[in-house]
Amino acid sequence: MKALDGNLKKIHKLLNPESVAVVGASNSKGKVGNIIFEGLRRCKARLYPVNPHEDVIAGYKTFPQIADLPGTIDVAVITVRAEQAVEIAEQCGRNNIDNIIIVAGGFAETGERGKALEARLQGIPDRYGSRILGPNSLGVFVPENNFDTIFVEHGDRSLAEGGGIAFISQSGSVGVEALGLASNTGFPMRAFVGLGNKIDLNELDFLKFFGADDKTDCLALYIENVEQGREFLEDARKVSRRKPVIALKAGRTPTGASAVSSHTGKLAGSDRVVSGAFRQYGIQRAFDDEELCDAAKTLSYLPPAQGNRVAVITGAGGFGVMCADYIETDSPRARLQMAELSDKTISRIQEKAPPFASCHNPVDLTATVTNEMFVHTLEALIEDAGVDIIVCITFFAPHSITDNLIDQMAAAVNDCKKPVMVFTEYGPFTDTYLKEFYKKGMIGFPSLTRAVKAVRFLVERGRILSTLEEEA
C-alpha cells in the first residue's frame, strides 16, 4: 500500500479495524444487531456491544452508550432505526470514532422526512472528522480478516479464500446476490463495500483507496449515480493504467433513471454521456450483474489480450461451430476474429489427433478425444504466434476424458502469457468442475455466450492499456 493521506488512513481502519462497537447488538436471534455481532465474532478486532437494555451479549460486557466505551474505537456499526441512528452517529463523532457504518434505511429514499434526517447526518463529518458509510448500507466484508457486517446471506464461506477484486456497490442487494452466485464457481474477492445512500463516503473515496492498494488487482462497481463526476473519471483513468476498472451503471432508460431517484433520492445522468465518458477514461462497462462479476473475475485472473485472434479447441463439433459464430458476430464490445492456424501448428495437432478430426480452427478432436490429445493441442495453440486467445470447450462426458485433465491443462497454461478461457457443462456437476478449474488458476463459464463475452473484455482491456500508454 502506498503512503496514505488522512482520509485514506481512515478507510484503511474501516476495512482493517482493531476495535469495533456494535450499537444495537442484541441477544435476540434474528435481529440485525444480533446477526451482525455474531458475524463479527469471527474477526480479530476487539468487540464492544452497545445496548442500554442488556448486561452481557454472547459473553461480552455490554456498554449502555457510546460515551461509556473504553479507549479508541476504529469503527462503530449502527444497527438501530433511522431516528436513533442520527443521534448515535452524533455521539460517535463527539467521541472521536473515525468510521461509522449506518445500516438503517428510512432516509432520503423515503421522502422529505428521510431527507431531513439525512441532512442532519451530513454535518457530522465536517464537525468531527468521522467518516460515514451509508446510511442504508450493508457495510463491508473483507475475507482476509473476516471483518463482515453484512446481515444477509452473501456466500461469505465460499468467498473466504479472498483474492484481488474490490467490489463496490451502491445497492446492497445487487452486490450480495451477484457475489453469492459468483462464489459458486470461485470469485477472488479482496473486499465488498456497500455504499448505501453515500452521504459521505462514496465511489470516489474507494476508487482512490483500492487504486492504491497493492492487494487489489481489479475494481468492480455497481453505481446508480456518480458523485464528483469529473474527479471520479480522472482518477479512474489513473487507476486503469495499473488495474482494470469495470462499472455497471444502472438507470440507463427513462424508467430506470426514475427508479434510481426513488431508490436513492438522487438523479441519474444521461446514459449516452456515461457510456462516452467511460470509454474515454478507460472504464469498462458491464450491463448486468452477471457481466460485472464475470468481467471482474476474468480480468483479475487472466492477462489482457494482445490481439483479437481466437483459437477454439473442442471435442464436440457443434459447440465449436456455435463458438465460432459467437466470436465472429458483431458486438458493441471489442471485435473478435477466428485465428488462422499456421501449417506448423496444424501438423503438430495432427500428430495426436484422430484421422477424422478437424485440425483447423475451431479444432474438433471429436468424441474420441483424450486428455493427452486435448493438452497436446492446447500446447500447440499456445505456441502459435497467430493466436492471441484460446477458448477450451472442455467436456467430461467422453469416457476417454478424466478429471485429471484439469491438472494437466493447468500445468500447460501455468507460464502462458496468452489468456486461456474454459467453457464446460456437465449437468448438475458443472459448478463443481468450474470451481476446480478456478482453484487451479483457470477461469471457466457454464455457457458459450458468457465465455465469449469474457474474451471480449480481455481484448477491450488490452486496447485500453494501449490507448493509455499512448496518452502518457
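Observations on the structure shown:
- Selection over region 184-199 of residues that are under 16 Å from L299 (Cα atoms) and surrounded by fewer than 21 Cβ atoms within 10 Å (Cβ to Cβ) gives a count of 1.
- Selection of region 360-373 for residues being without any contact (Cβ under 8 Å) to a residue 24 or more places away in the chain and more than 20 Å from H399 (Cα to Cα) yields only H360.
- Condition met for T62 (more than 30 Å from T216 (Cα to Cα), touching a residue at least 12 places away in the same chain (Cβ under 8 Å) and outside the structural domain of E177 (by TED's automatic domain parsing)): yes
- Any hit, region 90-101, residues being surrounded by fewer than 19 Cβ atoms within 10 Å (Cβ to Cβ), touching a residue at least 24 places away in the same chain (Cβ under 8 Å) and small (G, A, S): no
- Subset of region 359-394 (residues that are touching a strand residue (DSSP E or B) at 6+ places or on another chain (Cβ under 9 Å), under 12 Å from A412 (Cα atoms) and surrounded by fewer than 19 Cβ atoms within 10 Å (Cβ to Cβ)): I382
- Failed item in (1) over 26 Å from A286 (Cβ atoms); (2) within 29 Å of the chain's Cα centre (by Cα), with R348 passing the rest: (2)
- Residue identified as in a loop (DSSP other than H, G, I, E, B) and either within 24 Å of the chain's Cα centre (by Cα) or under 20 Å from R241 (Cβ atoms) (or both) among R333, R279: R333
- Residue in region 200-223 that is modelled with pLDDT under 95 and crowded, with 23+ Cβ neighbours inside 10 Å present: no
- Strands (runs of 3 or more DSSP E) within region 128-185 that include 1 or more residues hydrophobic (A, V, I, L, M, F, W, C) and either modelled with pLDDT under 90 or touching a Lys or Arg at 6+ places or on another chain (Cβ under 8 Å) (or both): 139-142, 165-169
- Filtered residues of region 374-401 (kept if in contact (Cβ under 8 Å) with a residue 40 or more places away in the chain and among the acidic types (D, E)): D384, D388
- Considering residues of region 413-426 that are surrounded by fewer than 20 Cβ atoms within 10 Å (Cβ to Cβ) and touching a helix residue (DSSP H, G or I) at 6+ places or on another chain (Cβ under 8 Å) only, the residue modelled with the lowest pLDDT: Y426
- Residues in region 443-468 that are under 26 Å from T402 (Cα atoms), surrounded by fewer than 22 Cβ atoms within 10 Å (Cβ to Cβ) and not β-branched (V, I, T): P446, S447, L448, R450.
- F210 vs. criteria in contact with a Leu (Cβ under 7 Å, 6 or more places away or on another chain), in a helix (DSSP H, G or I), assigned by TED's automatic domain parsing to the domain that holds G282 and under 20 Å from F187 (Cβ atoms): yes
The values are calculated or read from the model by the stated rules, or taken from the named source; none is laboratory data. On a predicted model such as this, the values are computed, not experimentally measured, just so you know. Ideal geometry is used to build each Cβ from the backbone, glycine not excepted, and the neighbour counts take in all protein chains shown.
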